[in-house]
Every structure is written in C-alpha cells, then in structure tokens.
C-alpha cells in the first residue's frame with residue numbers, strides 16, 4: 001500500500017498537553033481562605049445570578065450563574081407521551097436530560113452523552129420528581145433539559161436549582177421549588193459550593209474524611225429529595241454535611257424567589273392604577 | 001426495575017406489620033434474609049463469587065487484564081464495573097430494557113469504589129505510566145427479588161477476596177527495552193487486600209420506619225430508599241437516595257446511623273465465612289447453581 005508521505009500520521013489516541021505540565025502547586029492549601037476569597041468552614045455560597053424565560057421557544061427556561069459555573073435549562077411540555085406501552089397512565093412522566101457542552105470542562109468532552117452525564121440525569125430526575133405534581137398531568141410527559149455551558153464546580157447542585165426554576169417558569173404545578181447545594185469535605189475542614197479545582201484536588205495530607213456531598217432540598221416542605229455522596233467520610237461528618245447543605249440552600253432561596261417573581265411580573269404586568 | 005403488583009390491602013398489611021416491627025416473612029426491621037455465598041464458581045475467571053440473598057441471585061466474575069494506567073494516575077491500576085441485567089431475571093430486561101438499571105448500578109459501584117482505601121490500586125501497577133492491571137468486574141443478575149445493591153456488593157467483596165492475579169516480573173535488556181515476564185508457577189500469584197472493601201446497605205423507608213433488605217413487595221410500599229456503603233471501620237464511602245419520593249432530614253440521619261450499624265456488623269461474619277471456605281482448600285464441596 002503506498003503511504004502518503006505528505007501527511008503526518010498522528011497517534012491514535014491523544015492527551016491534552018496540559019496533563020503533562022509539571023504542577024508543583026496543585027495541592028490547594030487546606031487551611032486559610034480559599035482561592036476565591038471565601039472563608040472556609042462557613043456556609044458561604046457563591047453569589048448567584050438567575051434569570052427566567054430566556055428561550056422563547058421553550059415553555060419555560062432558566063439560566064443560572066454561580067461564580068464561573070454557567071448552566072441553562074429548558075422545559076418542554078406537558079405533551080402527549082411518546083411511549084404508549086407504559087402501564088401507569090394516571091401519572092405524567094418526567095424526563096430529564098443533562099449534558100455538558102464539549103468545551104465546558106478543562107478537557108474537551110464529546111457530544112455523545114457519556115455515563116457520567118447519564119448518572120447526573122438520573123440524579124436530577126430523582127431530585128425533581130418528588131416536587132412535581134405529576135398526578136395532575138395524566139397521559140403526558142414533561143421534558144427537562146439542562147445544558148452545562150461552563151463547569152466550575154457544584155454542577156449537579158446548580159442544575160437542580162436551575163431545572164426547578166425552569167419548571168416553575170413553565171407553569172408546571174409543583175409542591176415546592178427544589179434547591180441544590182454541594183459541600184466538599186477536606187480533612188477536618190469543609191468548603192461549601194466548591195469550585196472545579198477544589199472538587200478535584202485530593203492531595204491533602206490527611207486522606208481520611210475526604211469526599212463530596214450534594215443535597216437537593218425542598219425548602220418549604222423541609223424534605224430532602226436528592227442526596228449523593230462519594231469519597232470517604234464518617235457518619236458524623238455526613239450528618240453535619242447534610243445540615244450545612246440545607247443551610248446553604250436557604251441562602252439562595254430568596255434570590256430564586258425574587259427571580260421567579262420578576263419573571264411572573266414581566267409575563268403578566270399588574271393592571272395600571274389609573 | 002423488576003416490580004410486582006401489590007394491592008391496597010396488601011400494602012396496608014405490610015405497612016402495619018412494619019410499624020410493629022414484624023415483617024411478612026417474620027424478620028425484624030434490621031435483619032437480612034438467608035444468604036449463601038460461594039466463591040470460585042467460574043473457572044475461566046481470575047476470581048468469582050455467587051451470592052443468593054433470599055431469591056435474589058447475583059454472579060460476579062473478575063478478569064484481570066493488562067492495560068495502560070490513566071494519564072492522571074500513572075502509578076495506579078484501576079477497576080471497571082459492568083452490570084448486566086439478563087433477561088433471565090425478568091422479561092422486562094429483554095433487549096435494551098435492562099440497560100438503564102445496569103448503568104445506574106454500575107455508576108453507583110464506581111462511586112462506591114471512588115476513594116483511596118477500598119482497594120489498593122497501587123499494588124495493581126506493574127510499571128508506572130506504562131502497564132498496570134485492570135480488573136474488569138462483571139456483574140450478572142440471575143434473579144431479582146429486591147435489594148440488588150446489597151447482594152452485588154457482597155458478591156463483589158467475595159469475588160475480590162478470591163481473585164488471584166498472576167505475578168509478573170519486568171526485565172530490561174541492554175537497550176533499555178522492558179519486557180514483561182509471566183511467572184511459570186500457576187500458584188505464584190498476588191492476592192488483594194479486601195479488608196476495606198465496603199458493603200452496601202439499602203434502607204427502605206416504609207411508613208415511618210425503615211427496613212433493611214426489602215423484598216419486592218416491601219419495596220412497592222416504599223417511596224424512597226437510601227443506599228449507604230460502609231467499610232469495616234464504619235466509614236461511609238457512598239450515600240445516595242434512590243426512588244421517586246423525598247425524605248425528612250431527621251429520618252435521613254436516623255437511616256445513616258442504622259445503615260452504619262448494620263453495615264459494620266456485616267463485615268466480620270462475611271470475612272469469617274470467606275476465610276473458612278478458603279481453608280477448606282480442594283476438599284471443599286462445590287455447590288454450584290443448583291444447590
């Protein structure tokens with residue numbers, strides 16, 4: 001077979017050159033203030049920016065920005081279900097789809113949904129389902145799509161908040177809003193709403209008691225609809241972490257309420273006084 | 001997921017029973033069903049185990065393969081999990097029906113083992129950055145009668161215990177080219193330390209109480225359950241809420257506490273059994289699948 005001498009054959013698999021950069025300063029300090037100036041061991045979530053109704057084609061949509069984490073969510077439906085073979089037609093169906101844009105993480109991802117995305121979609125589904133009055137929508141399905149535009153940590157937590165806001169914006173009947181918050185335990189100290197770097201740094205000297213926790217919370221019903229943890233933690237740490245997350249959820253609650261009220265006011269302006 | 005139809009009257013019966021700490025099959029709220037474990041059931045694997053928990057049956061086979069370490073962790077080998085929901089278990093799994101449950105289970109397993117102490121990954125490294133052992137953990141569901149997570153985690157621990165990885169030596173010639181040599185002696189093999197491999201405990205919230213090792217009927221009465229993977233020392237490596245309902249924070253704390261207690265108590269008898277079986281050696285009577 002004649003070989004094409006003009007073409008440089010690259011290796012079949014390639015890695016990002018950034019992986020091979022020698023990094024002496026990867027170990028983030030496990031004490032003192034965090035890189036973005038927030039204090040440790042305190043329920044200090046990043047300030048969030050939220051806005052409803054950005055996508056005109058969708059029934060409801062929302063955009064959330066916390067630090068550099070940027071997400072958008074669209075809700076379509078309720079419409080007639082595609083799958084007719086479902087035995088339980090008295091309740092509606094909620095479908096969730098969460099995806100990362102290929103450029104959202106430091107390493108390029110693919111457009112095809114990987115197993116991590118599928119897992120996050122499932123977590124999102126489990127977190128949202130208890131809040132939606134699905135019995136009000138028989139024989140129909142509601143689709144929730146979340147797209148991560150920039151991943152700078154705590155993606156699942158913000159995805160939950162964003163998706164529930166989009167559901168509310170779409171006028172889907174719900175028992176409550178769902179708020180998400182994440183905590184990263186690092187030895188004896190913890191950081192709330194961790195950034196991507198903080199999430200992936202595991203070089204602390206004490207490898208005991210290290211892990212991440214994400215909680216989805218229904219604030220006015222005081223119920224936890226989603227919970228996920230990994231790493232290694234003691235039971236006491238986990239319990240404390242769950243409490244911290246709940247506190248963190250209450251911090252962003254007023255912002256979300258305000259954004260929703262603003263969206264409603266814009267959609268149906270109050271009748272003028274004159 | 002394999003489900004059963006439970007009528008309202010049956011549900012009330014189960015709910016009231018659990019309220020009074022009496023379950024349909026006579027167990028208490030924190031008791032497991034009759035469990036059977038057998039290791040080395042498939043000869044073509046490097047380690048295998050079959051676990052039956054009530055009518056739930058799970059077969060785990062582990063194959064060790066040579067692979068390249070991940071660029072981020074050049075000094076470690078890694079584990080790969082795959083869960084196959086065979087259509088033998090329930091007809092719902094036919095075709096692609098079991099795929100969703102399979103990915104859910106395998107993703108949870110990745111989370112459960114996502115820490116430094118569960119398996120000593122450094123011992124799986126052969127030459128840093130070039131070669132390492134990859135353990136392919138394949139889980140096959142043979143029968144489903146609730147509580148898949150617990151059965152799978154016990155089976156994985158047993159299979160990892162019985163895993164024998166052949167020893168290899170690296171020799172370099174004058175030009176610096178490395179060569180991997182496999183030991184001639186089939187008994188010259190490496191064993192894994194499974195002391196810190198966690199077991200999963202699933203707690204089903206039924207009414208105001210929670211039960212361990214729920215059957216399909218009990219699961220149909222519950223809205224949400226919590227899975228907790230606990231190591232021998234009582235460290236929690238993964239916690240996750242599954243199911244369509246939500247839980248009260250207080251009951252989550254109660255369930256974590258109960259899960260830790262039950263999980264911690266599970267390890268000692270399991271290790272005892274595995275070591276006992278090991279000691280029997282070749283005299284061991286093989287039970288197989290029809291026992």
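Read the figures in this text as sums done on the coordinates, not as results from a lab. Everything numeric here is computed off the predicted structure, so don't read it as measured data. Glycine gets a Cβ as well: all are built from the backbone with ideal geometry, and neighbour counts include every protein chain shown.
Fully extending the segment from residue A:49 to residue A:267 would add 76.5 nm, taking 0.36 nm per residue of separation and subtracting the current Cα-Cα distance. In this simple spin-label approximation, residue A:175 and residue A:133 carry label points 7 Å from Cα along the Cα→Cβ vector, and these lie 1.3 nm apart.
Can you work out the FRET efficiency for the pair residue A:103 and residue A:15, with r the C-beta to C-beta distance and R0 = 22 Å, to the nearest 0.05? Show your work: numbers first, answer last.
Details: r = 17 Å, r/R0 = 0.78.
The calculated FRET efficiency here is 0.80.
Give me the extension gain from residue B:181 to residue B:94: residue separation times 0.36 nm, minus the current Cα-Cα distance, reported in nm with one decimal.
Working: separation 87, 0.36 × 87 = 31.32 nm, distance 4.31 nm.
Contour length minus the Cα-Cα distance gives 27.0 nm.
As a check on your grasp of the helix formula, calculate [θ] at 222 nm for the protein assembly as shown: sum -39500 (n - 2.57) over DSSP H runs of n ≥ 4, divide by the residue count, round to the nearest 500. Result for the protein assembly as shown, helices only: -8500 deg cm²/dmol. Exposure proxy ranking for B:267, B:208, based on other Cβ atoms within 10 angstrom of each Cβ and starting from the fewest, stands as B:208, B:267. Under 1.5 on a/c is rounded, so check that first for region A:37-262, then, if it is not, pick prolate when a/b is larger than b/c and oblate when it is not; a ≥ b ≥ c are the square roots of the alpha carbon gyration tensor eigenvalues. Prolate is the answer for region A:37-262, as a/c is 1.5 or above and a/b outweighs b/c. Residue separation of residue A:4 and residue A:31 scaled by 0.36 nm, minus their Cα-Cα distance, works out to 4.0 nm of gained length. Here each label is just a point 7 Å from Cα along the line to Cβ, and for residue A:247 and residue B:7 those points are 5.2 nm apart.
Which part of region B:54-76 falls in the paramagnetic zone of residue B:122, meaning amide N under 11 Å from the point 7 Å along Cα-to-beta-carbon? Under cut-off, by backbone N: B:75-76. With neighbours defined as other Cβ atoms within 10 Å of a residue's Cβ, the residues B:123, A:110 order from fewest to most as A:110, B:123. If R0 equals 60 Å, the separation of the Cβ atoms of residue A:90 and residue B:75 corresponds to a calculated FRET efficiency of about 0.60. The mean count of C-beta atoms from other chains within 10 Å of the C-beta of residues in B:60-72, rounded to a whole number, is 1.
Please report the relative contact order for chain B, taking Cα pairs under 8 Å with a sequence separation of at least 6, and give it as a percent rounded to a whole number. It would help to have the intermediate numbers written out before the result.
Details: 571 pairs, mean separation 54.8, N = 291.
Across chain B, relative contact order equals 19 percent.
In terms of the mean number of neighbouring beta-carbon atoms within 10 Å, the peptides B:59-71, A:46-58 order highest first as B:59-71, A:46-58. Remark: relative contact order (region A:37-262) = 23 percent; criterion is Cα-Cα distance under 8 angstrom and separation of 6 or more residues.
Note on residue B:273 and residue A:110: the model spin-label points, each 7 Å out from Cα along the C-beta direction, lie 4.0 nm apart. Seen from a random direction on average, the alpha-carbon convex hull of region B:64-122 projects onto 5.3 square nanometres. Shielding of peptide A:220-227 by partners, expressed as the average count of other chain Cβ atoms within 10 Å per residue Cβ, is 6.
For the pair residue A:68 and residue A:222, a Förster radius of 35 Å applied to the C-beta separation gives a FRET efficiency near 0.65, rounded to the nearest 0.05. Among the residues of A:117-128, the average count of other protein chain beta-carbon atoms within 10 Å of the residue beta-carbon is 3.
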